[in-house]
């Protein structure tokens, strides 16, 4: 499967906001957005003065969400098409589908410091859903699912720093840091998503 292999910090700078792609580093002074808050490249500063068109705003919003969740174009469009088929506001349904990806849930539960690390944790078979190992990052969790670190991995170096620590999960999730177990208690609502997203711009782009 194709994936982005470039510098994560450049993605944040290109979108003009923090996407929290590098975990704790993103909240320190080492964050590239703190040191160089302009578009990468030799014309980066000039781009700050350039007026964006409506299409450019829509495109940038789509790119921002894609990069935040770490998915590529074809997969992202499939989320839009699936959201369009379901009841409710298409933009909100699409964001709910993205939030319910297993790699994102692992990140929201605090088992990984970033979505990219959480995706790797899932790929490496460290995560179970309802007691069964699931290694598909795009797996859609549902209400009632129990997501946990595999019992044999709980005491490994990868998880030792978070075991027993204080983890603040969104209200649609419950987490027990002592056992590294979480449960989906509701579907994510729009106000549960902390990224600064204008999803109507994405819907307008795909509706062209």
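Bear in mind that the values in this text are calculations on the coordinates, not laboratory data. For clarity, every value in this text was computed on a predicted model and none was experimentally measured. Neighbour counts run over all protein chains shown; Cβ positions are idealised from the backbone, glycine included.
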> Which whole-number percent is the relative contact order of the range 102-186 (Cα, under 8 Å, 6+ apart)?
Replying inline: 28
> Distance in nm between label sites at residue 156 and residue 196, each 7 Å beyond Cα in the beta-carbon direction?
Replying inline: 3.7
> If packing is taken as the mean number of other Cβ atoms within 10 Å per residue, what is the order of 55-63, 110-118, 188-196, highest first?
Replying inline: 110-118, 55-63, 188-196
